[in-house]
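The values are calculated or read from the model by the stated rules, or taken from the named source; none is laboratory data. Quantities reported herein were computed from a predicted structural model and do not represent experimental measurements. Neighbour counts are summed over all protein chains in view; Cβ atoms, including those assigned to glycine, are modelled from backbone coordinates with ideal geometry. Ligands, DNA and RNA are excluded from the accessible area calculation, which covers all protein heavy atoms including side chains. Shrake-Rupley method; radii C 1.70, N 1.55, O 1.52, S 1.80 Å.
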Amino acid sequence: MTNKEKVLNQVCDFFIASNDFNGIPIITLAKKTGIEYSETIDILKELTKEGLVSNQDTINPYIIGLGHYKTEYQLSTLEKAKENKTKKIDSVGEINIVFDSHLICVYPSEKHLQKTRDLSSYSQKPYSKKLALGEPQLKPFFFEIEVLDNYSKDPRYSFEFRDYSGQISCDYDENEQPLLKKEEDQIFLKTFGLGVDENSERVAVVYLRYLSGLTSEHQLYWKSKEIESGCQMLQEYYVNTIEGNWTSSYSIFSAFIAEHNLINEISKSFSKESLFNKTFEKGKRPKEFTFFFMPTLENYHKFISLLDKMLSDNINRKFFKDKIDLFELVEIESGLVERKNKGTLRLLEEWIRLNYNHPDVKLIDDIFKPIKKVRKERQSPAHKINNNLYDKTFNKKQIDFLKELYKSLKLLRMILHQHPESNDIEIPKWLIEGNIKVF
């Protein structure tokens, strides 16, 4: 066997035997083949020109991250590697630590793997197969957004989603036993994000390395929902997961929750009772308070019901005690009247109109019209039997409602903040100047 064959075989064997489709460092390669370091590099340059190997010199060269470099760059990297020096650090006990000043890892090329690798064990794992053939681990794949619906509704999964990214895992009982008994269903998807297709419709995006960790059953399910072209991921997800940076964008769902919480904080500052009975801590908002993964009539009604519970049903009656009459007298028949509770939404509107004088009367109408509209929409299906429907127009209706209600909450917060006894509560800068988006 020639030295060239030794080097190529060792590169392939290391990649195939590794747990995470890893490359072999050049120094390790030279030691395993018994070939002098400089000669090993010269052989790798020949193999690179022939398209049989490739190399990575990224911050994490042990995986093929974003892709394979052009041949010219790889050859230049290998030439520089001849000058690579190792620095021995002082021993810690009996352990000697060696640091490579310029670590480079080598991989069999996709072309070579296609010709030589036995892929029979990957027949039911299409995404693991792609990694086995040397495709980049952080290559994004796109899917119909409905792929997430089953996981989000199944209580046996821990499904977390915020704004433009999320994760999925199997949930466990109090004895740390998985709620899903079939091992093939005990999946874990460390991260998924959002993208858009060529029609600007939402799609799900997952990096190849996380798809490859799914069981064969789930890989085949995701494969059935894959969109092969015309998609791109949201910039926010790319910046956050690839560049490792914070983004300045916030979803309208997050802004809605923030305004909701601020209203309670401000109202509590000048009253014994807060305006809402319940608010939602950061990171603990209702799971259903997001856009539809499946635009159905059932999901639409559930979302409208949730909005009404967060707003009208959530208004604290005690807030209005000693501020306004809580009851009204209603004539039930000639000469007889009944004392009835005023509805909480009516109480809030009366209290606002009584205490807040503004030349633009429409301003108060803008607060209450959307909230009343939600209440009416919630009551609409209450006494009907409706067949469930799939209709993408529910997506637009949902977002239109949310935009109107967000404006309502923002106006209400601004009015309450002007109360003469209100404490000087700081409004987060991102709510005032932030980039609030509908992802």
Checklist outcome for this item: Treating only Lys and Arg (+1) and Asp and Glu (-1) as charged, each at its beta carbon, one finds that segment 374-439 has a dipole about its Cα centre, in Debye to the nearest 20, of 460
Checklist entry - Over 26 Å between Cα atoms, which of Lys153/Lys372; Lys32/Lys82; Lys125/Lys396; Lys284/Lys392; Lys373/Lys429 qualify? => result Lys153/Lys372; Lys125/Lys396; Lys284/Lys392; Lys373/Lys429
Checklist entry - Taking the Cα centre of the chain as the origin and placing charges on Cβ (Lys, Arg +1; Asp, Glu -1), which of Cys170, Tyr69, Thr296 is farthest toward the positive end of the dipole? => result Thr296
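Mind giving me the FRET efficiency for Asp20 and Ile242? R0 is 22 Å, r the Cβ-Cβ distance, nearest 0.05 is fine. Spell out each step's value before the answer.
Numbers: r = 18 Å, r/R0 = 0.83.
Efficiency, rounded to the nearest 0.05: 0.75.
For a protection proxy built on the mean count of beta-carbon atoms within 10 angstrom, sort 424-433, 231-240, 359-368 highest first, please.
231-240, 359-368, 424-433
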Next on the checklist: Just to compare against my own numbers: the Cα pair-distance distribution for segment 296-390, 10 Å bins, whole % per bin, please.
Outcome noted: 13, 33, 31, 18, 4, 0
Checklist outcome for this item: Any residue on another chain or 5+ positions along whose placed amide H is under 5 Å from the amide H of Val53 is listed here as Thr48, Ser109
Checklist outcome for this item: Here, the chain modelled as identical Cα point scatterers in vacuum has Debye log10 I(q)/I(0) at q = 0.10, 0.14 Å⁻¹ of -0.87, -1.28
Checklist entry - Based solely on its DSSP helices, what 222 nm [θ] is calculated for the chain when runs of n ≥ 4 H residues each add -39,500 (n - 2.57) and the sum is averaged over all residues, nearest 500 deg cm²/dmol? => result -12500 deg cm²/dmol
Checklist entry - What helices in the chain pass both tests, a Cα length along the helix axis of 24 Å or more and a mean Kyte hydropathy of -0.5 or higher, using whole DSSP H runs? => result 252-270, 393-417
Item to check | segment 8-74, relative contact order [Cα under 8 Å, separation at least 6], % | outcome: 30
Item to check | Sites Ile332 and Gln418, calculated FRET efficiency, Cβ-Cβ separation with R0 51 Å, nearest 0.05 | outcome: 0.80
Checklist outcome for this item: Among Phe270, Ser212, Ile399, the residue whose Cα sits farthest towards the positive end of the charge dipole of the chain (+1 at Cβ of Lys and Arg, -1 at Cβ of Asp and Glu, taken about the Cα centre) is Phe270
Checklist entry - Calculated FRET efficiency, Asp360 and Ile59, Cβ-Cβ r, R0 45 Å, to nearest 0.05? => result 0.20
Checklist entry - Under a 5 Å amide H to amide H cut-off, with H placed in plane at 1.01 Å, what residues pair with Ser251 once short-range neighbours are removed? => result Lys437
Checklist entry - Given the pairs Lys321/Lys376; Lys278/Lys403; Lys287/Lys410; Lys287/Lys340, which span a C-alpha to C-alpha distance of over 29 angstrom in this model? => result Lys287/Lys340
Item to check | For Ser216, solvent-accessible area (1.4 Å; no DNA, RNA or ligand), Å² | outcome: 30
Next on the checklist: Test of the criteria: in segment 23-82, which GluC sites (Glu not before Pro) are in a DSSP loop and have at most 11 other Cβ atoms within 10 angstrom of their Cβ?
Outcome noted: Glu36
Item to check | Debye intensity ratio in log₁₀ form over the Cα atoms of segment 230-299, taken at each q of 0.12, 0.23, 0.24, 0.25 Å⁻¹ | outcome: -0.53, -1.07, -1.09, -1.12
Item to check | Listed residue (Ser158, Ile425, Cys231) projecting farthest to the positive dipole end of the chain, Cβ model | outcome: Ile425
